[in-house]
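*Asks:* This structure is in C-alpha coordinates; I'll ask about it shortly.
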Amino acid sequence: MSEMILKVEDIHKNYRELEVLKGISFEVKRGETKVVIGPSGTGKSTLLRCINQLTPPDKGRVWLDGVKITDPKVDINKIRSSIGMVFQDFNLFAHLTALNNVRIGLMKVKEMEKREATDLAMEELRRVGLGDKTSSYPAELSGGQQQRVSIARALAMNPKLILFDEPTSALDPELIGEVLEVMINLAKEGMTMLVVSHEMGFARSVANEIIFMEHGVIIEEGAPQQLFTKPKHKRTGEFLHKITELYGESGK
Amino acid sequence: MNFFELAWSILPALLRGTVVTLEITGISISIGFILGILLALGRIYGNKSIYIVATTYVEVIRGTPLLTQLFLLYFGLPSIGIMLSPFLAAIIGMGLNSGAYQAEYFRGAIQAVKSGQMMAARSVGMNKFKAVRYIILPQMLRLVIPSWSNELIYLVKYSSLAYMIQAPELMAQGKVIAAKNFRTFEVFIVVAFIYLVIVLILSKILDILEKRIRIPGLQTQAV
(Lines give C-alpha, C1' and ligand atoms only; values in the text may rest on other atoms or scores of the structure.)
Protein backbone atom coordinates (compact mmCIF):
# COMPACT_ATOMS: atom_id res chain seq x y z
CA MET A 1 0.00 0.00 0.00
CA SER A 2 1.19 3.48 -0.80
CA GLU A 3 1.80 6.17 1.72
CA MET A 4 -1.52 7.67 0.70
CA ILE A 5 -4.16 7.28 3.42
CA LEU A 6 -6.84 9.53 2.00
CA LYS A 7 -7.49 10.55 -1.55
CA VAL A 8 -10.41 12.85 -2.35
CA GLU A 9 -11.27 13.46 -5.98
CA ASP A 10 -13.66 16.01 -7.45
CA ILE A 11 -16.18 16.09 -4.59
CA HIS A 12 -19.39 17.96 -5.34
CA LYS A 13 -22.25 18.59 -2.93
CA ASN A 14 -25.42 20.59 -3.40
CA TYR A 15 -28.06 21.51 -0.88
CA ARG A 16 -31.04 22.25 -3.09
CA GLU A 17 -29.95 25.15 -5.30
CA LEU A 18 -26.87 25.91 -3.25
CA GLU A 19 -23.66 24.36 -4.49
CA VAL A 20 -21.62 23.90 -1.31
CA LEU A 21 -18.70 21.93 -2.71
CA LYS A 22 -17.63 22.53 -6.31
CA GLY A 23 -15.09 19.87 -7.05
CA ILE A 24 -12.66 19.34 -4.19
CA SER A 25 -9.57 17.17 -4.68
CA PHE A 26 -6.63 16.58 -2.36
CA GLU A 27 -4.65 13.86 -0.67
CA VAL A 28 -3.44 13.11 2.83
CA LYS A 29 -0.37 10.95 3.42
CA ARG A 30 0.13 8.58 6.31
CA GLY A 31 1.19 10.42 9.45
CA GLU A 32 0.40 13.80 7.97
CA THR A 33 -1.63 16.59 9.59
CA LYS A 34 -3.56 18.75 7.17
CA VAL A 35 -5.47 21.77 8.34
CA VAL A 36 -8.39 23.13 6.32
CA ILE A 37 -9.09 26.80 6.81
CA GLY A 38 -11.51 29.22 5.24
CA PRO A 39 -14.42 31.54 5.98
CA SER A 40 -17.53 30.04 7.54
CA GLY A 41 -20.12 28.73 5.13
CA THR A 42 -17.41 27.60 2.77
CA GLY A 43 -18.26 23.92 3.03
CA LYS A 44 -15.44 22.75 5.29
CA SER A 45 -17.67 20.73 7.62
CA THR A 46 -19.63 19.38 4.66
CA LEU A 47 -16.33 18.26 3.15
CA LEU A 48 -15.44 16.25 6.27
CA ARG A 49 -18.87 14.60 6.26
CA CYS A 50 -18.53 13.79 2.58
CA ILE A 51 -15.29 11.99 3.37
CA ASN A 52 -16.81 9.53 5.87
CA GLN A 53 -20.08 9.55 3.92
CA LEU A 54 -22.21 10.84 6.79
CA THR A 55 -23.29 13.20 4.02
CA PRO A 56 -22.90 11.30 0.76
CA PRO A 57 -21.39 13.55 -1.93
CA ASP A 58 -23.42 14.08 -5.11
CA LYS A 59 -20.37 13.42 -7.23
CA GLY A 60 -16.76 12.48 -6.69
CA ARG A 61 -14.68 9.68 -5.26
CA VAL A 62 -12.96 9.03 -1.95
CA TRP A 63 -10.29 6.41 -1.27
CA LEU A 64 -9.21 5.37 2.20
CA ASP A 65 -5.97 3.44 2.33
CA GLY A 66 -6.46 2.31 -1.26
CA VAL A 67 -10.12 1.31 -0.84
CA LYS A 68 -12.65 3.28 -2.86
CA ILE A 69 -15.19 4.03 -0.15
CA THR A 70 -17.59 5.90 -2.42
CA ASP A 71 -18.21 2.57 -4.10
CA PRO A 72 -21.78 1.53 -3.17
CA LYS A 73 -20.57 -2.04 -2.60
CA VAL A 74 -18.32 -1.24 0.36
CA ASP A 75 -19.57 -1.75 3.92
CA ILE A 76 -19.62 1.90 4.91
CA ASN A 77 -20.15 1.13 8.60
CA LYS A 78 -16.95 -0.85 8.65
CA ILE A 79 -15.13 1.98 6.85
CA ARG A 80 -16.48 4.57 9.29
CA SER A 81 -15.20 2.56 12.23
CA SER A 82 -11.69 3.17 10.87
CA ILE A 83 -12.18 6.92 10.43
CA GLY A 84 -12.36 8.82 13.70
CA MET A 85 -14.49 11.93 13.86
CA VAL A 86 -14.34 14.72 16.42
CA PHE A 87 -17.19 17.22 16.33
CA GLN A 88 -17.36 20.89 17.16
CA ASP A 89 -19.96 20.31 19.87
CA PHE A 90 -18.41 17.02 21.06
CA ASN A 91 -21.52 14.87 20.62
CA LEU A 92 -20.60 12.56 23.46
CA PHE A 93 -23.33 10.00 24.11
CA ALA A 94 -25.30 11.83 26.79
CA HIS A 95 -26.46 8.73 28.68
CA LEU A 96 -23.05 7.13 28.96
CA THR A 97 -20.10 7.75 31.27
CA ALA A 98 -16.75 8.79 29.82
CA LEU A 99 -15.58 5.17 29.99
CA ASN A 100 -18.69 3.86 28.23
CA ASN A 101 -18.47 6.57 25.58
CA VAL A 102 -15.03 5.28 24.66
CA ARG A 103 -15.89 1.62 25.16
CA ILE A 104 -19.20 1.34 23.32
CA GLY A 105 -17.72 1.40 19.82
CA LEU A 106 -15.24 -1.29 20.80
CA MET A 107 -17.95 -3.51 22.21
CA LYS A 108 -20.81 -2.92 19.81
CA VAL A 109 -18.95 -2.28 16.56
CA LYS A 110 -15.69 -4.19 16.99
CA GLU A 111 -17.41 -6.77 19.20
CA MET A 112 -14.52 -6.82 21.62
CA GLU A 113 -14.77 -8.59 24.99
CA LYS A 114 -15.81 -6.29 27.82
CA ARG A 115 -12.56 -6.62 29.76
CA GLU A 116 -10.37 -6.02 26.75
CA ALA A 117 -12.52 -3.05 25.71
CA THR A 118 -12.34 -1.61 29.23
CA ASP A 119 -8.55 -1.87 29.35
CA LEU A 120 -8.22 -0.20 25.98
CA ALA A 121 -10.74 2.53 26.81
CA MET A 122 -8.98 3.26 30.11
CA GLU A 123 -5.69 3.53 28.27
CA GLU A 124 -7.11 6.01 25.78
CA LEU A 125 -8.69 8.08 28.53
CA ARG A 126 -5.34 8.23 30.34
CA ARG A 127 -3.72 9.22 27.05
CA VAL A 128 -5.91 12.34 26.92
CA GLY A 129 -5.32 13.01 30.62
CA LEU A 130 -8.72 11.88 31.90
CA GLY A 131 -7.88 8.66 33.73
CA ASP A 132 -9.66 10.05 36.80
CA LYS A 133 -12.90 10.99 35.04
CA THR A 134 -13.94 7.59 33.72
CA SER A 135 -17.22 7.45 35.65
CA SER A 136 -18.33 11.03 34.91
CA TYR A 137 -21.23 11.72 32.59
CA PRO A 138 -20.74 14.25 29.78
CA ALA A 139 -22.82 16.90 31.56
CA GLU A 140 -20.46 16.66 34.53
CA LEU A 141 -17.40 17.45 32.41
CA SER A 142 -16.10 20.78 31.12
CA GLY A 143 -16.14 21.41 27.38
CA GLY A 144 -12.43 20.74 27.16
CA GLN A 145 -12.78 17.47 29.03
CA GLN A 146 -15.71 16.43 26.85
CA GLN A 147 -13.71 17.11 23.73
CA ARG A 148 -10.80 15.07 25.07
CA VAL A 149 -13.18 12.18 25.79
CA SER A 150 -14.43 12.43 22.22
CA ILE A 151 -10.84 12.28 20.97
CA ALA A 152 -10.30 9.20 23.14
CA ARG A 153 -13.47 7.70 21.66
CA ALA A 154 -12.05 8.21 18.18
CA LEU A 155 -8.59 6.91 19.14
CA ALA A 156 -9.94 3.74 20.75
CA MET A 157 -11.17 2.50 17.38
CA ASN A 158 -7.56 2.58 16.14
CA PRO A 159 -8.46 4.75 13.16
CA LYS A 160 -6.42 5.20 10.02
CA LEU A 161 -7.40 8.84 9.99
CA ILE A 162 -9.14 11.26 12.34
CA LEU A 163 -11.35 14.08 11.06
CA PHE A 164 -11.60 17.09 13.36
CA ASP A 165 -14.49 19.47 12.68
CA GLU A 166 -13.58 22.74 14.40
CA PRO A 167 -12.70 20.90 17.61
CA THR A 168 -12.04 24.04 19.66
CA SER A 169 -14.66 26.44 18.29
CA ALA A 170 -17.26 25.69 20.97
CA LEU A 171 -14.79 25.98 23.83
CA ASP A 172 -14.12 28.78 26.27
CA PRO A 173 -10.72 30.30 25.49
CA GLU A 174 -9.09 28.90 28.62
CA LEU A 175 -10.09 25.36 27.64
CA ILE A 176 -8.74 25.44 24.10
CA GLY A 177 -5.16 24.78 25.17
CA GLU A 178 -5.81 21.37 26.74
CA VAL A 179 -7.50 20.10 23.57
CA LEU A 180 -4.83 21.48 21.25
CA GLU A 181 -2.16 19.91 23.43
CA VAL A 182 -3.74 16.49 22.93
CA MET A 183 -3.91 17.09 19.18
CA ILE A 184 -0.31 18.26 19.01
CA ASN A 185 0.78 15.09 20.79
CA LEU A 186 -1.22 12.98 18.36
CA ALA A 187 0.45 14.70 15.44
CA LYS A 188 3.85 14.01 16.97
CA GLU A 189 2.96 10.36 17.48
CA GLY A 190 2.25 10.11 13.78
CA MET A 191 -1.57 10.03 13.73
CA THR A 192 -2.99 11.03 10.36
CA MET A 193 -5.29 14.00 10.88
CA LEU A 194 -7.48 16.24 8.79
CA VAL A 195 -8.42 19.27 10.84
CA VAL A 196 -10.90 22.03 10.11
CA SER A 197 -9.85 24.83 12.42
CA HIS A 198 -9.37 28.53 12.96
CA GLU A 199 -6.45 27.90 15.31
CA MET A 200 -3.69 29.52 13.29
CA GLY A 201 -1.06 28.77 15.91
CA PHE A 202 -1.86 25.08 15.64
CA ALA A 203 -1.98 25.24 11.85
CA ARG A 204 1.31 27.02 11.64
CA SER A 205 3.25 24.88 14.05
CA VAL A 206 1.70 21.44 13.54
CA ALA A 207 0.26 21.21 10.05
CA ASN A 208 2.34 19.67 7.29
CA GLU A 209 0.08 21.45 4.88
CA ILE A 210 -2.71 23.97 4.97
CA ILE A 211 -5.65 23.93 2.60
CA PHE A 212 -7.38 27.27 2.11
CA MET A 213 -10.97 26.88 0.96
CA GLU A 214 -13.50 29.46 -0.06
CA HIS A 215 -16.92 29.24 -1.75
CA GLY A 216 -16.67 25.49 -2.17
CA VAL A 217 -13.31 25.35 -3.90
CA ILE A 218 -9.69 25.01 -2.78
CA ILE A 219 -8.01 28.34 -3.43
CA GLU A 220 -4.58 27.33 -2.34
CA GLU A 221 -2.77 24.46 -0.70
CA GLY A 222 0.75 24.40 0.67
CA ALA A 223 3.15 24.31 3.59
CA PRO A 224 2.25 26.72 6.40
CA GLN A 225 5.46 28.66 5.94
CA GLN A 226 4.70 29.27 2.29
CA LEU A 227 1.05 30.24 2.86
CA PHE A 228 1.82 32.58 5.71
CA THR A 229 4.83 34.29 4.15
CA LYS A 230 4.29 34.21 0.40
CA PRO A 231 0.81 33.07 -0.54
CA LYS A 232 0.22 32.61 -4.27
CA HIS A 233 -3.24 34.15 -4.09
CA LYS A 234 -4.04 37.55 -2.72
CA ARG A 235 -7.21 36.20 -1.08
CA THR A 236 -5.20 33.66 0.97
CA GLY A 237 -3.02 36.38 2.40
CA GLU A 238 -6.01 38.54 3.27
CA PHE A 239 -7.79 35.72 5.03
CA LEU A 240 -4.75 34.58 6.99
CA HIS A 241 -4.07 38.11 8.06
CA LYS A 242 -7.62 38.68 9.23
CA ILE A 243 -8.00 35.36 11.00
CA THR A 244 -4.68 35.70 12.83
CA GLU A 245 -5.75 39.10 14.07
CA LEU A 246 -9.10 37.73 15.17
CA TYR A 247 -8.11 34.51 16.89
CA GLY A 248 -4.48 35.17 17.76
CA GLU A 249 -2.04 32.32 17.69
CA SER A 250 -3.05 30.28 20.71
CA GLY A 251 -1.94 26.69 20.87
CA LYS A 252 1.60 27.25 19.75
CA MET B 1 -74.93 -1.34 57.88
CA ASN B 2 -72.85 1.80 58.09
CA PHE B 3 -70.48 2.88 55.31
CA PHE B 4 -67.41 1.13 56.66
CA GLU B 5 -69.21 -2.15 57.26
CA LEU B 6 -70.59 -1.96 53.75
CA ALA B 7 -67.19 -1.10 52.29
CA TRP B 8 -65.63 -4.01 54.14
CA SER B 9 -68.27 -6.45 52.95
CA ILE B 10 -67.99 -5.52 49.28
CA LEU B 11 -64.21 -5.22 49.28
CA PRO B 12 -63.40 -8.84 48.34
CA ALA B 13 -65.57 -8.66 45.22
CA LEU B 14 -64.17 -5.26 44.31
CA LEU B 15 -60.60 -6.48 44.77
CA ARG B 16 -61.29 -9.36 42.38
CA GLY B 17 -62.35 -6.69 39.91
CA THR B 18 -59.24 -4.69 40.77
CA VAL B 19 -57.06 -7.63 39.81
CA VAL B 20 -58.75 -7.73 36.40
CA THR B 21 -58.34 -3.97 36.05
CA LEU B 22 -54.63 -4.29 36.79
CA GLU B 23 -54.30 -7.18 34.36
CA ILE B 24 -56.04 -5.28 31.59
CA THR B 25 -53.97 -2.17 32.26
CA GLY B 26 -50.68 -4.04 32.59
CA ILE B 27 -51.10 -6.14 29.47
CA SER B 28 -52.46 -3.36 27.30
CA ILE B 29 -49.80 -0.84 28.35
CA SER B 30 -47.19 -3.47 27.42
CA ILE B 31 -48.76 -4.18 24.03
CA GLY B 32 -48.98 -0.42 23.51
CA PHE B 33 -45.36 0.05 24.56
CA ILE B 34 -43.97 -2.33 21.96
CA LEU B 35 -46.37 -1.13 19.30
CA GLY B 36 -45.68 2.49 20.21
CA ILE B 37 -41.92 2.10 19.84
CA LEU B 38 -42.32 0.40 16.45
CA LEU B 39 -44.74 3.08 15.24
CA ALA B 40 -42.51 5.92 16.46
CA LEU B 41 -39.43 4.40 14.82
CA GLY B 42 -41.47 3.83 11.66
CA ARG B 43 -42.55 7.43 11.55
CA ILE B 44 -39.06 8.80 12.14
CA TYR B 45 -36.71 6.36 10.42
CA GLY B 46 -39.00 4.39 8.14
CA ASN B 47 -39.20 4.74 4.37
CA LYS B 48 -42.16 6.46 2.84
CA SER B 49 -44.57 3.50 2.86
CA ILE B 50 -43.73 2.58 6.47
CA TYR B 51 -44.20 6.22 7.41
CA ILE B 52 -47.61 6.33 5.74
CA VAL B 53 -48.80 3.11 7.38
CA ALA B 54 -47.62 4.19 10.85
CA THR B 55 -49.02 7.69 10.52
CA THR B 56 -52.38 6.49 9.24
CA TYR B 57 -52.62 4.01 12.10
CA VAL B 58 -51.91 6.68 14.70
CA GLU B 59 -54.36 9.13 13.17
CA VAL B 60 -57.19 6.63 12.80
CA ILE B 61 -56.82 5.27 16.33
CA ARG B 62 -56.53 8.69 17.91
CA GLY B 63 -59.37 10.03 15.80
CA THR B 64 -61.95 7.50 16.97
CA PRO B 65 -63.32 6.85 20.47
CA LEU B 66 -61.84 4.00 22.47
CA LEU B 67 -65.34 2.77 23.27
CA THR B 68 -66.15 2.54 19.58
CA GLN B 69 -62.99 0.52 19.04
CA LEU B 70 -63.89 -1.83 21.89
CA PHE B 71 -67.42 -2.30 20.50
CA LEU B 72 -66.03 -3.05 17.06
CA LEU B 73 -63.81 -5.76 18.51
CA TYR B 74 -66.33 -7.29 20.87
CA PHE B 75 -69.68 -6.80 19.16
CA GLY B 76 -68.54 -6.20 15.59
CA LEU B 77 -66.03 -8.96 14.93
CA PRO B 78 -68.47 -11.84 15.64
CA SER B 79 -70.35 -10.82 12.51
CA ILE B 80 -67.31 -11.90 10.50
CA GLY B 81 -66.88 -14.98 12.64
CA ILE B 82 -64.28 -13.79 15.12
CA MET B 83 -65.40 -14.21 18.73
CA LEU B 84 -63.26 -12.64 21.40
CA SER B 85 -63.73 -13.02 25.14
CA PRO B 86 -64.42 -9.75 26.95
CA PHE B 87 -60.99 -9.85 28.53
CA LEU B 88 -59.23 -10.53 25.22
CA ALA B 89 -61.23 -7.83 23.44
CA ALA B 90 -60.35 -5.39 26.21
CA ILE B 91 -56.60 -5.99 26.14
CA ILE B 92 -56.42 -6.03 22.35
CA GLY B 93 -58.54 -2.90 22.02
CA MET B 94 -56.78 -0.97 24.73
CA GLY B 95 -53.34 -2.20 23.67
CA LEU B 96 -53.87 -1.13 20.07
CA ASN B 97 -55.31 2.17 21.26
CA SER B 98 -52.53 2.90 23.74
CA GLY B 99 -49.94 2.06 21.07
CA ALA B 100 -51.05 5.04 19.00
CA TYR B 101 -50.79 7.42 21.95
CA GLN B 102 -47.50 6.00 23.19
CA ALA B 103 -46.12 6.30 19.64
CA GLU B 104 -46.65 10.04 19.84
CA TYR B 105 -44.93 10.33 23.21
CA PHE B 106 -42.00 8.24 21.95
CA ARG B 107 -41.78 10.20 18.74
CA GLY B 108 -41.58 13.45 20.66
CA ALA B 109 -38.88 12.05 22.95
CA ILE B 110 -36.81 10.66 20.06
CA GLN B 111 -36.95 14.07 18.43
CA ALA B 112 -35.80 15.60 21.71
CA VAL B 113 -32.60 13.54 21.54
CA LYS B 114 -29.96 15.81 20.05
CA SER B 115 -29.34 15.22 16.35
CA GLY B 116 -25.59 14.99 16.89
CA GLN B 117 -26.09 11.76 18.84
CA MET B 118 -27.13 9.82 15.76
CA MET B 119 -24.31 11.35 13.75
CA ALA B 120 -21.73 10.48 16.40
CA ALA B 121 -23.05 6.92 16.61
CA ARG B 122 -22.80 6.51 12.84
CA SER B 123 -19.32 8.03 12.81
CA VAL B 124 -18.13 5.35 15.25
CA GLY B 125 -19.30 2.78 12.71
CA MET B 126 -22.65 1.76 14.14
CA ASN B 127 -25.30 0.92 11.58
CA LYS B 128 -28.68 2.58 11.94
CA PHE B 129 -30.12 -0.27 13.99
CA LYS B 130 -27.27 -0.28 16.50
CA ALA B 131 -27.35 3.51 16.76
CA VAL B 132 -31.05 3.41 17.59
CA ARG B 133 -30.69 0.46 19.95
CA TYR B 134 -27.67 1.63 21.94
CA ILE B 135 -27.77 5.41 21.67
CA ILE B 136 -31.20 6.78 20.74
CA LEU B 137 -33.59 4.46 22.64
CA PRO B 138 -31.81 4.58 26.02
CA GLN B 139 -31.96 8.37 25.92
CA MET B 140 -35.50 8.46 24.59
CA LEU B 141 -36.79 6.18 27.36
CA ARG B 142 -35.39 8.47 30.03
CA LEU B 143 -36.80 11.58 28.39
CA VAL B 144 -40.26 10.06 27.90
CA ILE B 145 -41.00 8.96 31.47
CA PRO B 146 -42.97 12.06 32.57
CA SER B 147 -45.34 12.04 29.61
CA TRP B 148 -45.50 8.26 29.51
CA SER B 149 -46.63 8.28 33.16
CA ASN B 150 -49.71 10.17 32.05
CA GLU B 151 -50.54 7.50 29.53
CA LEU B 152 -50.31 4.77 32.16
CA ILE B 153 -52.56 6.70 34.52
CA TYR B 154 -55.11 7.40 31.79
CA LEU B 155 -55.09 3.75 30.90
CA VAL B 156 -55.85 2.64 34.48
CA LYS B 157 -58.94 4.80 34.37
CA TYR B 158 -59.92 4.11 30.75
CA SER B 159 -59.80 0.40 31.53
CA SER B 160 -63.13 1.05 33.24
CA LEU B 161 -64.65 1.25 29.76
CA ALA B 162 -64.08 -2.48 29.51
CA TYR B 163 -67.14 -2.99 31.70
CA MET B 164 -69.18 -1.96 28.65
CA ILE B 165 -68.05 -5.15 26.94
CA GLN B 166 -68.70 -7.30 30.04
CA ALA B 167 -65.11 -7.63 31.23
CA PRO B 168 -65.34 -8.33 34.99
CA GLU B 169 -63.06 -5.48 36.03
CA LEU B 170 -63.41 -3.09 38.97
CA MET B 171 -66.11 -0.88 37.50
CA ALA B 172 -68.18 -3.89 36.40
CA GLN B 173 -67.95 -5.40 39.88
CA GLY B 174 -69.14 -2.13 41.36
CA LYS B 175 -72.07 -2.07 38.97
CA VAL B 176 -73.08 -5.63 39.89
CA ILE B 177 -72.93 -4.91 43.62
CA ALA B 178 -74.83 -1.66 43.34
CA ALA B 179 -77.55 -3.36 41.31
CA LYS B 180 -78.04 -5.82 44.18
CA ASN B 181 -77.88 -3.59 47.26
CA PHE B 182 -79.01 -0.26 45.70
CA ARG B 183 -76.35 1.62 47.69
CA THR B 184 -74.94 3.09 44.51
CA PHE B 185 -73.36 6.15 46.10
CA GLU B 186 -71.36 4.24 48.71
CA VAL B 187 -70.33 1.49 46.32
CA PHE B 188 -68.90 3.91 43.76
CA ILE B 189 -67.18 5.94 46.46
CA VAL B 190 -65.26 2.77 47.31
CA VAL B 191 -64.63 2.05 43.62
CA ALA B 192 -63.31 5.59 43.11
CA PHE B 193 -61.12 5.25 46.14
CA ILE B 194 -59.55 2.06 44.80
CA TYR B 195 -58.76 3.74 41.45
CA LEU B 196 -57.22 6.64 43.33
CA VAL B 197 -55.01 4.34 45.37
CA ILE B 198 -53.82 2.50 42.25
CA VAL B 199 -53.01 5.76 40.50
CA LEU B 200 -51.17 7.19 43.49
CA ILE B 201 -49.07 4.05 43.89
CA LEU B 202 -48.20 3.95 40.18
CA SER B 203 -47.26 7.65 40.19
CA LYS B 204 -44.97 7.06 43.11
CA ILE B 205 -43.32 4.05 41.47
CA LEU B 206 -42.72 6.00 38.26
CA ASP B 207 -41.34 8.88 40.24
CA ILE B 208 -38.85 6.61 41.96
CA LEU B 209 -37.97 4.95 38.66
CA GLU B 210 -37.35 8.30 37.04
CA LYS B 211 -35.03 9.37 39.85
CA ARG B 212 -33.20 6.07 39.89
CA ILE B 213 -32.32 6.04 36.20
CA ARG B 214 -31.73 9.76 35.99
CA ILE B 215 -28.49 10.79 34.33
CA PRO B 216 -27.03 14.25 34.78
CA GLY B 217 -27.87 16.45 31.82
CA LEU B 218 -30.44 14.04 30.45
CA GLN B 219 -33.90 14.94 31.65
CA THR B 220 -36.80 16.94 30.43
CA GLN B 221 -36.90 20.49 31.70
CA ALA B 222 -38.78 21.32 34.90
CA VAL B 223 -42.30 19.94 35.16
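The values are calculated or read from the model by the stated rules, or taken from the named source; none is laboratory data. As the structure is a computational prediction, the values presented were derived from the model and not from experiment. Neighbour counts run over all protein chains shown; Cβ positions are idealised from the backbone, glycine included. The accessibility values were calculated without ligands, DNA or RNA, using every heavy atom of the protein model including side chains. Shrake-Rupley method; radii C 1.70, N 1.55, O 1.52, S 1.80 Å.
*Asks:* Across the range B:156-169, what is the total count of residues that are surrounded by fewer than 23 Cβ atoms within 10 Å (Cβ to Cβ), assigned to a helix (DSSP H, G or I) and touching a residue at least 40 places away in the same chain (Cβ under 8 Å)? Lay out the reasoning, then the answer.
*Replies:* Taking the range B:156-169 as the starting set, the residues that turn out to be surrounded by fewer than 23 Cβ atoms within 10 Å (Cβ to Cβ) are B:156-158, B:160-161, B:163-166, B:168.
Pick out the ones that are also assigned to a helix (DSSP H, G or I) and you get B:156-158, B:160-161, B:163-165.
If we keep only those that are touching a residue at least 40 places away in the same chain (Cβ under 8 Å) too, we end up with B:156-158, B:160-161, B:164-165.
Of the residues in the range B:156-169, 7 are surrounded by fewer than 23 Cβ atoms within 10 Å (Cβ to Cβ), assigned to a helix (DSSP H, G or I) and touching a residue at least 40 places away in the same chain (Cβ under 8 Å).
*Asks:* So which residues in the range A:1-33 are part of a loop (DSSP other than H, G, I, E, B) and within 26 Å of A:Glu189 (Cβ to Cβ), if there are any at all? Before the answer, list the steps.
*Replies:* Of the residues in the range A:1-33, the ones part of a loop (DSSP other than H, G, I, E, B) are A:1-3, A:16-17, A:30-32.
Within the range A:1-33, A:Met1, A:Ser2, A:Glu3, A:Arg30, A:Gly31, A:Glu32 qualify.
*Asks:* Kindly indicate whether A:Glu111 is out of contact with any strand residue (DSSP E or B) (no Cβ under 7 Å at 6 or more places or on another chain), surrounded by fewer than 21 Cβ atoms within 10 Å (Cβ to Cβ), more than 9 Å from every other protein chain (Cβ to nearest Cβ) and over 28 Å from A:Glu9 (Cα atoms).
*Replies:* Yes.
Conditions (1) within 14 Å of another protein chain (Cβ to nearest Cβ); (2) farther than 18 Å from B:Gly26 by Cα; (3) under 24 Å from the mean Cα position of the chain (by Cα), marked per residue:
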| position | (1), (2), (3) |
| --- | --- |
| B:Thr184 | no, yes, no |
| B:Ile194 | no, no, yes |
| B:Val199 | no, no, yes |
| B:Arg214 | yes, yes, yes |
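*Asks:* With respect to A:Leu92, is the statement that it is within 12 Å of chain B (Cβ to nearest Cβ), of a type in the set (A, V, I, L, M, F, W, C), out of contact with any Ser or Thr (no Cβ under 8 Å at 6 or more places or on another chain) and surrounded by 20 or more Cβ atoms within 10 Å (Cβ to Cβ) true?
*Replies:* no
*Asks:* Considering (1) on the phi > 0 side of the Ramachandran plot; (2) out of contact with any Phe, Trp or Tyr (no Cβ under 9 Å at 6 or more places or on another chain), say which one A:Glu166 fails and leave the rest.
*Replies:* (2)
*Asks:* Does the range A:113-165 hold any residues that are in contact with an Asp or Glu (Cβ under 7 Å, 6 or more places away or on another chain) and farther than 18 Å from A:Val195 by Cβ, and which are they?
*Replies:* Hit for the range A:113-165 is A:Ala156, nothing else.
*Asks:* List the number of the failed condition for B:Leu206; all other conditions in (1) part of a helix (DSSP H, G or I); (2) closer than 21 Å to B:Pro12 by Cα; (3) under 18 Å from the mean Cα position of the chain (by Cα); (4) among the hydrophobic types (A, V, I, L, M, F, W, C) hold.
*Replies:* The number of the failed condition is (2).
*Asks:* With B:Leu88, B:Leu143, B:Leu67 as the choices, which residue is part of a helix (DSSP H, G or I), within 14 Å of chain A (Cβ to nearest Cβ) and either open to solvent by less than 60 Å² (accessible area, probe 1.4 Å) or touching a helix residue (DSSP H, G or I) at 6+ places or on another chain (Cβ under 9 Å) (or both)? Explain how you work it out, then say what you get.
*Replies:* Values: B:Leu88 fails: within 14 Å of chain A (Cβ to nearest Cβ); B:Leu67 fails: within 14 Å of chain A (Cβ to nearest Cβ).
Answer to the check: B:Leu143.
*Asks:* Taking A:Ala121, is it within 12 Å of chain B (Cβ to nearest Cβ) and open to solvent by less than 30 Å² (accessible area, probe 1.4 Å)? Write out each step before concluding.
*Replies:* Values: within 12 Å of chain B (Cβ to nearest Cβ): no; open to solvent by less than 30 Å² (accessible area, probe 1.4 Å): yes.
So A:Ala121 fails the test.
*Asks:* Counting only residues that are open to solvent by less than 10 Å² (accessible area, probe 1.4 Å) and more than 8 Å from chain B (Cβ to nearest Cβ), how many does the range A:95-108 have?
*Replies:* Restricting attention to the range A:95-108, the residues satisfying the condition of being open to solvent by less than 10 Å² (accessible area, probe 1.4 Å) are A:98, A:101-102, A:105-106.
Going one step further and asking which of them are more than 8 Å from chain B (Cβ to nearest Cβ), we end up with A:98, A:101-102, A:106.
So the count comes out to 4.
*Asks:* Let me ask another. How many residues are part of a loop (DSSP other than H, G, I, E, B), within 22 Å of A:Ser82 (Cα to Cα), open to solvent by less than 10 Å² (accessible area, probe 1.4 Å) and touching a Gly at 6+ places or on another chain (Cβ under 7 Å) when one looks only at the range A:165-217?
*Replies:* Qualifying residue count, the range A:165-217: 1.
*Asks:* Go through the range B:111-129 and give me each residue that's under 23 Å from A:Ala156 (Cα atoms), of a type in the set (D, E, K, R) and surrounded by fewer than 19 Cβ atoms within 10 Å (Cβ to Cβ).
*Replies:* The answer is B:Lys128, and nothing else.
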